[in-house]
Structure formats: C-alpha cells, structure tokens
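Taking it in order: structure first as structure tokens, then the write-up.
Please treat every number below as a calculation from the coordinates, not as lab data. Given the structure is predicted, the values throughout are model-derived calculations rather than measurements.
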Amino acid sequence: MKVLEVCSVSKRFDGRGVLDHVSLDLQEGELVSLLGVSGVGKTTLFNIISGLLLPDEGKVLLGGQDVTGRPGQVSYMLQKDLLLPYRTIEDTVSLPLLLRGVDKKQARAQANALFADFGLEGTQKQYPMQLSGGMRQRAALLRTYLFSGQAALLDEPFSALDSLTKRAMHRWYLDVMERIKLPTLFITHDIDEAILLSDRICLLTGQPGTVSHVLTIDEPKPRGEDFALSARFLEYKKYILSCLGQR
Amino acid sequence: MKGKMPAVAAVAALLVLWELVCRTGLVPAFMLPSPVQVVQAFWAERYVLLEHSVITLKEAFLGLAIGVFLGCVFAVVMDHFRVLRRAIYPVLLLTQTVPTVAIAPLLVLWFGYEMTPKVILIVLTTFFPVTVGLLEGFSSVDEDAVGLLRSMGANRRQIFRYIKWPGALPQFFSGLRIAAAYCVVGAVISEWLGGFGGLGVYMTRVKKAFAFDKMFAVIFLISAISLGLMALVSFAQRLSMPYRKHDIANDRRN
C-alpha cells in the first residue's frame, strides 16, 4: 500500500526551474532514498512534501489524502540537527509531543521510554552542547520519530558525521528501522549509504531536477559489512554512477 | 576570580596614586579630596546617603520595570507585525536622539517634582535597549528551527514560545544590562533638575556647598549601585540560561 505519494510536483524559484514533474511513492515499511548531486532540488522537494512550501504544480498525498501545503503531517528531520541549545535533550526530543498539547510530564515519560532504544541512555538532563555528533543525530532522529507521522523525511541525517561514526550509525539505524518500520524517504548524496540502507533508490538528476531512474535494491535486511564489500554492491554502484554520468 | 586579578590590581594602583597625589600636595586639597577623606565622608554621611538611595532606587526600579515591560511589548508587537515595525522603529529611534537632560526639565514642568517625571524619564531611557536587543534576538533566530517547528504543526504562539523567546534571551539580557546601568543614571539626572530627595538632589546640595569629599562619596555610591544592578542582571541571566554554563565549559576545553 502506498503511504506517501508525490504526484508530478514542479517548483520554480524566480523563474528558474528547480523541480520538474517529480513523482515518487513510498510503500508501507519501506525506505526509499533520493540520490542526487547538491543543488538538484532534494531539499526543496522535502519542504514541499512536509507542507512548508507550496508546489507550483502537482500534489502530495498521504494515506490517499491531499496534504499539499499542510504542515504537521509527516515527520521531518532537517539537514541540521536543530537541537535547541537551551533545552535539555529530553525536552528537545519531546517537543513534538508538547506541540500537540501533551503535558510536560507525560511527554518526558513517553520520550524517556525510547532513550535506550536510540542509544541515548543517561543524556536526558544534558544539553545538546555536551553530546557528540553521533549522539546529537540520534537525538534528532528520536525527536523525528516521536512526532509519529505516517512517514518520515530525513534530509542527509548522517552527512555531518565522520566516516567511522557514520558506519556505526548505519548499522544502528538499520537495526532500529527493523523494529520501528517507519516508512522513510531519505536524502543523501552518498551512493554507498543509499545502497546500504534503501529498499529503492530514486535518482534525481537534471536542471530542473526530475526522477530519472528508480532502482530496487533487492537484498535482504539487515545488511551487514559483507554486503557493503560484495560484488553485487559494486554492481549497484557502477550502475548508479553510469546513470548519473548520462546527463 | 583569577581572571579578575589584573583589574583589581589596576584599581588598587590608581587609588594609591590618587592618595599620593593628594598627600604630596600636587593638587590643592580643597579641589581633590584623597580616597581616605572620601571614605570618611561616606561614613559620616551614611544615614543620609541611605535615605536618599532608597528614594533613587525606588524610582530606578519602578522605571526599569515599566521600561523593560514596555520594551518587551514593543519588540513582540513589532516582530509580529512587520508594518508596525517599519512605522514605529524610526519613532523609537527619534526618542533616543533627544538628550535626557533636555527632556527632564520639560517632564518636571508637566508632572511636577514628585516621582512621576523621574519614572517617565527612566522608562524613556530603559525601554530602548531592551526593544533593540529583543528585536535583534528575534531576527537572529534560525529559520530552519522555525521550519522544523512548522513542519511539526506548530502555530505562531508555539514558535514564539519554543524558538523565538528562548533564542532571543542572550540579546535580551545584553539589553537589560544596559538598561540597568541607565536606570540609576536616569534617576540621578532627573533628580538634579528638581525634586525633594534622592541621590541627585543630594548631589546638587553638596555641590552648592563645595563639599568635594561628599561629592566623590556619592559618585562612588552611584557607580556601586549601577554595578550591583548589573551583577543582579548577570545573576538572573545565569538562572534563566543554565545551558550557558556548558557553553563556557566547552570554550575552555577547546
């Protein structure tokens, strides 16, 4: 079943086309990544899906309902972690609950129940400043998850991390996804990351950007290191590179 | 405390130098009292000074409270309605170009010698730094953070409460610190120009009597009060921004 559907969305800024009839969909429990070079309009597309931005053409359907230009429906994790420096981790993370009118005590309790799952035990009363890059990213992910929309949008959640931390985060993320099964759209410009994490990859290319190829990664999950070093992995990578090179 | 040592040493050196200048007779004693004489004058006049201080502080606090409140209201309203910002901001700026010594006599003529004109003058001098600080703070807020909250379905009030207000706190306190320094000065200036009590009135009296030692005593008292108020603001800031502690700890480590 399609959870999220983007139907032929176009967007122009000051007469310059950014997105040209972009269509894609997201199935139940699926992770789809949007892969493309910087400036191809990936973040713009996310802003449209999340309802922060209105498309010039096309619409966004969530669970079959038109949610175009209506924020507050999908969980959106922006490129920066945006943990608020003046709130403790538990209070930053429980923000989506507070916004919905849940009282502070209950929001904290609900958030705290998930700290262990997200590898954040003991950071409840700390401030974002005190956390490492990987921890901050986990906290931002937990906040995104606590919003509990029907789908999640993650904009380059791991791009700011060093490569070793990133690997650890991938392993952890795949593990969490197995449990929570939240349908997720994922922006990245890291080909390896896309192949490792995704069920499908949409390649966004061109100026204005459009979905030029959709590729299914037919590989059982969880995927370990050996997949990342396998010949099949390299084949996927080669194919993607050739697609991106065709422009 | 370690970081304050050079400043303490500098002040001590200045005081010693001053005492020496007086003792050696470089400057005639009737023109410049020595620090020791100032302290003696202060002690002799302590009850009188206390009485006047209470009056001045009352005016200062009342004026500061109203000024800060108005400053916040102006900033919030101007941030909310862009048109009002364009309309009001230049007017507010204009009020700051008029020297306080010029408005004070007018206020006395309009409102008499009691507290009202003094409080009004203090309000006029204190609301501005608060407004400017807050406005700057509001506009320095990360647009992405606002976007994040909007994507979570937050309304404007919630965005204000969770993002804008806490984000503007550092600038608010900078403004408040300036306002706290201004409020005592404002009170003293308005007392110079007419009143029945307060440190400003005391100052004009001792000036007429050419009592330089008392003059210096009251000058030091006024700056001590200003410093005390600023320390109070810093204390309030530490209380309301506990996360700053870690900021500083981080800076030290790096």
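Values for this structure:
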{"item": "For the stretch A:118-189, Kirkwood radius (reciprocal of mean inverse C-alpha pair distance, Å)", "result": "12.9"}
{"item": "Relative contact order (%) - criterion: Cα under 8 Å, at least six apart; region: chain A", "result": "26"}
{"item": "The stretch B:110-254 - Kirkwood radius from inverse mean 1/r over Cα pairs (Å)", "result": "18.1"}
{"item": "Cα-based convex hull, the stretch B:172-220, per residue volume (Å³, whole number)", "result": "68"}
{"item": "For chain B, alpha-carbon Rg over 2.2 N^0.38 Å", "result": "1.24"}
{"item": "Directionally averaged projected area (convex hull, Cα atoms, the stretch B:1-149), nm²", "result": "15.4"}
{"item": "Straight-distance crosslink candidates among aspartates and glutamates, where the alpha carbon sits under 17 Å from residue A:181 and sequence neighbours closer than 8 are dropped", "result": "A:25, A:28, A:30, A:117, A:199, A:219"}
{"item": "Rotationally averaged projected area of chain A (alpha carbon convex hull; nm²)", "result": "13.5"}
{"item": "Cα-based reach from residue A:11 at 20 Å (exclusive), listing lysines while leaving out same-chain residues under 8 positions away", "result": "A:42, A:59"}
{"item": "Spatial extent of the protein assembly as shown: Rg and Dmax, with the Cα atoms as the point set, Å", "result": "31.6, 98"}
{"item": "When the convex hull of its Cα atoms is projected in every direction, mean area for the stretch B:93-180 (nm²)", "result": "7.1"}
